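> Quick one: this structure, given as structure tokens, is what I'll be asking you about.
Read the figures in this text as sums done on the coordinates, not as results from a lab. Remember, predicted model here, so these are calculated numbers, not experimental data. Neighbour counts are summed over all protein chains in view; Cβ atoms, including those assigned to glycine, are modelled from backbone coordinates with ideal geometry.
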Amino acid sequence: MYSPGALPRVAGSKFGYREAAALLAGCTGRDASRAFVTGDYTEAGLVDDVSDLSFSDMLTLQTWLSFYEKNYELVGKVVGRFYEEDGLPTPALTLVEAMISKGLEASDQEMRAKQTFPPCNTEWSSARGTRFWCSPQSGGVSRDWTGVPRKLYKPGAKEPQCVCVRTTGPPSDQTPDTTMHRNRGDLDHPSLGEYKGCPPLAVACSFPP
């Protein structure tokens with residue numbers, strides 16, 4: 001429990017001034033952790049049950065917690081789902097902390113995967129159809145190579161994602177000084193597929209409507 005003083009406003013958050021005011025009013029004297037993630041600051045949403053939230057949602061909750069820890073004074077703990085009367089954490093809090101840790105691990109893995117296979121630039125129009133292309137900054141990943149578009153198939157995903165794939169040097173799962181390789185970068189990765197009708201080494205692929 002924190003003494004917030006001025007209303008919180010975080011760049012990029014879903015809360016404006018009115019939402020923050022409603023949230024603070026609803027949080028007074030109780031734990032409303034769920035609302036910080038869902039944006040539901042009705043009576044039904046101002047609750048402490050976060051057991052069904054995703055790992056991504058838990059990272060959002062952790063971001064809010066870090067924000068308050070940095071900017072406001074800790075004045076106590078709310079007895080209930082996460083803290084006992086003696087201030088000790090409950091098993092529910094231990095579970096939430098474990099979910100946050102898994103979320104951080106998943107986020108790190110996703111970031112590493114994005115460095116290996118940056119997303120393609122994409123544009124679509126009803127007149128020209130779809131165009132995928134790669135650049136040294138595509139996907140928001142700055143690098144010293146451009147790459148070529150490929151379909152990346154992920155387990156559980158309904159559709160493949162367009163990613164840019166390095167075409168020279170050793171595969172990413174080998175060290176850069178490895179000499180025993182075919183100088184094809186990651187082109188032979190088993191989760192990748194070519195776009196039909198697009199030249200294998202073209203940096204852009206266009207598909208008419």
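> Hey, got the dipole for the chain? About the Cα centre, +1 on K and R Cβ, -1 on D and E Cβ, debye to the nearest 20? Could the numbers behind the result be given before it?
Values: 22 positive and 25 negative charges, 247 e Å.
Taking the Cα centre of the chain as origin, the dipole is about 1180 debye.
> Given 25 °C and 0.890 mPa s, compute D for the chain with the Stokes-Einstein relation, Rh being the Kirkwood radius over Cα pairs; round to the nearest whole µm²/s. Before the final figure, lay out the partial values.
Details: Rh = 20.8 Å.
After rounding, the answer is 118 µm²/s.
> Continuing with the same structure: To the nearest 20 debye, what charge dipole does the stretch 88-209 have about its Cα centre, counting +1 at the Cβ of each Lys and Arg and -1 at the Cβ of each Asp and Glu?
Working: 14 positive and 12 negative charges, 98 e Å.
Here the size comes out at about 480 debye.
> Another question, then. So which of 77/114; 70/158; 70/154; 102/154 end up more than 29 Å apart by C-alpha? Don't jump to the answer; show the numbers that get you there.
Numbers: 77/114 39 Å; 70/158 40 Å; 70/154 37 Å; 102/154 19 Å.
As for pairs spanning more than 29 Å Cα to Cα, those are 77/114; 70/158; 70/154.
> Hey, another quick one. Tell me, what is the FRET efficiency for residue 114 and residue 84 to the nearest 0.05, using R0 = 35 angstrom and their Cβ-Cβ distance as r?
Working: r = 41 Å, r/R0 = 1.17.
With a Förster radius of 35 Å, E is 0.30.
> Tell me the angle of helix 91-116 to the major Cα principal axis of the chain, expressed in degrees between 0 and 90 and rounded to the nearest ten.
For 91-116 against the chain, the angle is about 20 degrees.
> Which value, in debye to the nearest 20, gives the size of the charge dipole of the stretch 33-127 about its Cα centre, when Lys and Arg are +1 and Asp and Glu are -1 at the Cβ?
Values: 7 positive and 16 negative charges, 75 e Å.
It works out to roughly 360 debye.
> Putting +1 on Lys and Arg Cβ atoms and -1 on Asp and Glu Cβ atoms, find which of 106, 153, 204 reaches farthest to the positive end of the dipole of the chain.
Of the listed residues, the answer is 204.
> For the stretch 61-119, just say rounded, prolate or oblate: build the C-alpha gyration tensor, square-root its eigenvalues into a ≥ b ≥ c, call rounded for a/c under 1.5, and beyond that prolate if a/b exceeds b/c, oblate if not. Each step should come with its number before you reach the end.
Details: a/c = 5.34, a/b = 2.05, b/c = 2.60.
Verdict is oblate for the stretch 61-119.
> Considering only 89, 155, 170, give the residue with the highest GNM mean-square fluctuation for the chain, with springs between Cα atoms whenever their separation is below 10 Å.
The residue that fluctuates most here is 155.
> Of the listed peptides 147-153, 133-139, what is their order by residue-averaged count of other C-beta atoms within 10 Å, with the highest listed first? Working shown, then result.
Details: 147-153: 21.7, 133-139: 18.6.
Sorting 147-153, 133-139 by mean packing, highest first, produces 147-153, 133-139.
> Tell me the angle of helix 17-27 to the major Cα principal axis of the chain, expressed in degrees between 0 and 90 and rounded to the nearest ten.
Roughly 50 degrees, rounded to the nearest 10.
> Provide Rg over Rh for the stretch 146-196; use the alpha carbon set for both Rg and the Kirkwood Rh (inverse mean inverse pair distance). Walk me through the numbers before you get to the answer.
Values: Rg = 11.9 Å, Rh = 11.7 Å.
Computed over Cα atoms, the ratio is 1.02.
> Of 181, 47, 89, whose Cα points farthest to the positive end of the dipole of the chain (charges on the beta-carbon: +1 Lys, Arg; -1 Asp, Glu; origin at the Cα centre)?
181
> Could you point to the residue in 74, 139, 37 farthest towards the positive end of the chain's charge dipole, with +1 and -1 charges on the Cβ of Lys/Arg and Asp/Glu respectively?
Farthest towards the positive pole: 139.
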